[in-house]
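Participant: If you scroll down you'll find the structure; I have some questions about it.
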Amino acid sequence: MVVLIGHAKIKPSELESFLALADGMISPSREEEGCISYDFYCDRVDSCKIVFVEEWVDGSALEYHFATQHFKDFMARSATMLAEEPCIKIYSVENVHQL
């Protein structure tokens, strides 16, 4: 499994538009083969700080996601809404311990 954690800072004037755009990514992304979970959240103190949390069965599923038209459209449309460069980290999950 791979986990993507993405942090984005949105321009305050673009927040409403960005949230609508990001919300439109949920359904098609969750429908992709290999998607375990796909969500985004707003910071409780600064709602312009967004975190994306995605789980994919493997790196190939995530690469497929990056190649989809809805992802490409999202990236193109959201680029001007960003207040700063996003930070995206991808983690490989091999042995998850059960608590």
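The values are calculated or read from the model by the stated rules, or taken from the named source; none is laboratory data. It should be emphasised that the depicted structure is a prediction, and the values quoted were computed from it without experimental measurement. Using ideal geometry, Cβ is built from the backbone for each residue, glycine included, and neighbour counts are taken over all protein chains shown. To get the accessible areas, we keep the full protein, side chains included, count just its heavy atoms, and leave off ligands, DNA and RNA. Shrake-Rupley method; radii C 1.70, N 1.55, O 1.52, S 1.80 Å.
Participant: Between a residue in the range 1-30 that is of a type in the set (Asp, Glu) and any residue that is modelled with pLDDT of 95 or more and open to solvent by less than 30 Å² (accessible area, probe 1.4 Å), which pairs come within a Cβ distance under 7 Å, given they are 6 or more apart or on different chains?
Facilitator: 14/81
Participant: Could I ask something else about it? I need a count of the residues in the range 4-28 that are among the small types (Gly, Ala, Ser), touching a strand residue (DSSP E or B) at 6+ places or on another chain (Cβ under 7 Å) and either in a helix (DSSP H, G or I) or buried (at least 16 other Cβ atoms within 10 Å of the Cβ) (or both). If you could, list the steps in order and put the result at the bottom.
Facilitator: Filtering the range 4-28 for residues among the small types (Gly, Ala, Ser) gives 6, 8, 13, 17, 20, 22, 24, 27.
Add one more test, that the residue is touching a strand residue (DSSP E or B) at 6+ places or on another chain (Cβ under 7 Å), and what stays is 6, 8, 22.
Cutting the leftovers down to either in a helix (DSSP H, G or I) or buried (at least 16 other Cβ atoms within 10 Å of the Cβ) (or both) gives us 8, 22.
Count: 2.
Participant: Looking at the range 35-65, which of its residues are open to solvent by 60 Å² or more (accessible area, probe 1.4 Å), within 29 Å of residue 13 (Cα to Cα) and aromatic (Phe, Trp, Tyr)?
Facilitator: Listed by number, the list holds a single entry, 41.
Participant: Filtering the range 66-99 down to residues that are open to solvent by 70 Å² or more (accessible area, probe 1.4 Å) and part of a strand (DSSP E or B), which residue is nearest to residue 22 (Cα to Cα)?
Facilitator: Per the criteria, the residue is 88.
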